Amino acid sequence: MQNSIVLLVDVEAALADSDLADNVYLVDNTRALGSRDEGRATMVSCVAGVHNPDGSPAAEAVLNWIAYGISALPPTLPRSFNLRSHHVAHDHALLEKLAATTHPRDVAALLAAHHEEHGAFGAQRSAMPYLPVDPRSATGEFVSPDAVDYAAHLNPEIVAIRGEAVEKGVIFPALYGSPDFYTEGWYWSASVDTNKVGLHDYILDLRLLRPTRSGGAVTWAPEIHPFKVQIEVSASTMVNGFTGGPLPGVLPLAPPLPAAEGAL
Amino acid sequence: MTPVNIQVFVDVIALLSGASPAQAVHLFDDSSAGSEALGTTGLVSSVLPGQLVRWTVTPLDVQTQVWIRGIAFGAAPPDAPPSAADDPPVWSRRFEGYVPADIFPGAPHPYRLDLCFGAANGPIVAVEGPALRLVPPCADMVAGDGASRLL
């Protein structure tokens, strides 16, 4: 079974408090299995461990994490959708200027100017380290990377999963590639050793970006905020759905027809 | 004798959004004695006396939750109580059993699959239509490429 654990982060408030504790809201998809404190920072995700009568695992358990900024672009929209021809347009403009140029010195100047303004020809990039190429607000409007209030529109990013549950071999997290735009092409997932029954802590390291204006320039400084989360691994023994016991029996088909009895 | 596996694939979102079981549930088996209507809820699986039959359910969207709550044979009415109680939890029930050896072969034995989803006291969807058909021993050898195996 796959557990999905979603972190909603109030990025603006977390930056103001320099603390995640009161600014993170957790939800998951296993409330029916026993997860507690849904919607709070103290949520405990229930992981259903199922074992065969001999103790061997009878089902696999997988955790998935995803972190959203509450004010960030809705995940249903690819963030660069409206600007999908943005870079191509710059490159086309450069090609038109180059076509109209006759002197080699002008070509060099055009290329240098383009490179300074937009980066290397044909490449997608952001002039701002750590920032997405096309920063957009929750309403889909373009936001200048120089705007300090842009901080709230950036999703927090999970950069590490560690702590007791990892050290004790309860969960085995790893960063996997994903075709999803809204996770920047990556997501965290872990398999769970469901023999380690009980309550376990782990720590998510979330990276927020803090904009600071000094003089005319804005600097975006990454900050890593650790955040403790809990899972509870439950245990149940696999039983046969027909017999209620550990072993399969004879299927409860309809009894033999009376006519067949007489014939024999 | 190898078991027969009956795989139940469920488009959970479609099923909970109003699609009929016939549209959103697909059954397949690996019976060596032949099957009918593979991929539909009308799957008829040929089984041999004494053979182990094993049902498993898989959601088409891998992260959704679906479980077999119970399997009822015969002409049980759709609102009959499910074949298993709430304990143990639905995610720790394995549905497998042996085909009786004392049942006359030929007629199909229809069954109903009760599916439930990731919510306590949530909906239960009854899937009607699939059946097991008992075939005489050695029928699998005739049905398959069994000519060489008979020699």
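A few notes on this one:
- Evaluated against (1) more than 10 Å from chain A (Cβ to nearest Cβ); (2) surrounded by 12 or more Cβ atoms within 10 Å (Cβ to Cβ); (3) within 29 Å of B:S32 (Cα to Cα); (4) at pLDDT below 90, B:A80 falls short on exactly one condition, (3).
- Check on B:Q51, over 16 Å from B:L132 (Cα atoms), within 12 Å of another protein chain (Cβ to nearest Cβ) and modelled with pLDDT of 90 or more: no
- Test: residue in the stretch B:88-102 that is modelled with pLDDT under 90 and over 28 Å from A:T237 (Cβ atoms): yes
- Taken over the stretch B:90-111, the criterion of being in contact with a strand residue (DSSP E or B) (Cβ under 6 Å, 6 or more places away or on another chain), more than 7 Å from chain A (Cβ to nearest Cβ) and surrounded by fewer than 21 Cβ atoms within 10 Å (Cβ to Cβ) is satisfied by B:P105, B:P108, B:P110.
- Residues located in the stretch A:40-54, provided they are among the β-branched types (V, I, T), closer than 15 Å to A:Q230 by Cα and either surrounded by 18 or more Cβ atoms within 10 Å (Cβ to Cβ) or in contact with a His (Cβ under 9 Å, 6 or more places away or on another chain) (or both): A:V44, A:V47
- Some residue of the stretch A:51-64 being touching a Pro at 6+ places or on another chain (Cβ under 9 Å), part of a strand (DSSP E or B), modelled with pLDDT of 90 or more and within 14 Å of chain B (Cβ to nearest Cβ): yes
- Listed here are the strands (runs of 3 or more DSSP E) enclosed by the stretch B:1-77 that have at least 2 residues being crowded, with 21+ Cβ neighbours inside 10 Å, among the β-branched types (V, I, T) and at positive phi, and there are none.
- Contacts under 7 angstrom Cβ, first residue in the stretch A:12-28 being assigned by TED's automatic domain parsing to the domain that holds A:W65 and aliphatic (A, V, I, L, M), partner assigned to a helix (DSSP H, G or I) and modelled with pLDDT of 90 or more, 6 or more apart: A:L20/A:A14
- The stretch A:190-205: number of residues that are crowded, with 17+ Cβ neighbours inside 10 Å and part of a strand (DSSP E or B): 5
- Criterion (surrounded by fewer than 17 Cβ atoms within 10 Å (Cβ to Cβ) and out of contact with any Lys or Arg (no Cβ under 7 Å at 6 or more places or on another chain)) met by exactly one of A:D37, A:D10: A:D37
- Failed item, numbered, when A:P173 is tested on (1) modelled with pLDDT of 85 or more; (2) at negative phi; (3) not in a strand (DSSP E or B): (3)
The values are calculated or read from the model by the stated rules, or taken from the named source; none is laboratory data. Note that the structure is predicted; figures quoted are calculated from it, not measured. Backbone-built Cβ (ideal geometry, glycine too); neighbour counts: all protein chains shown.
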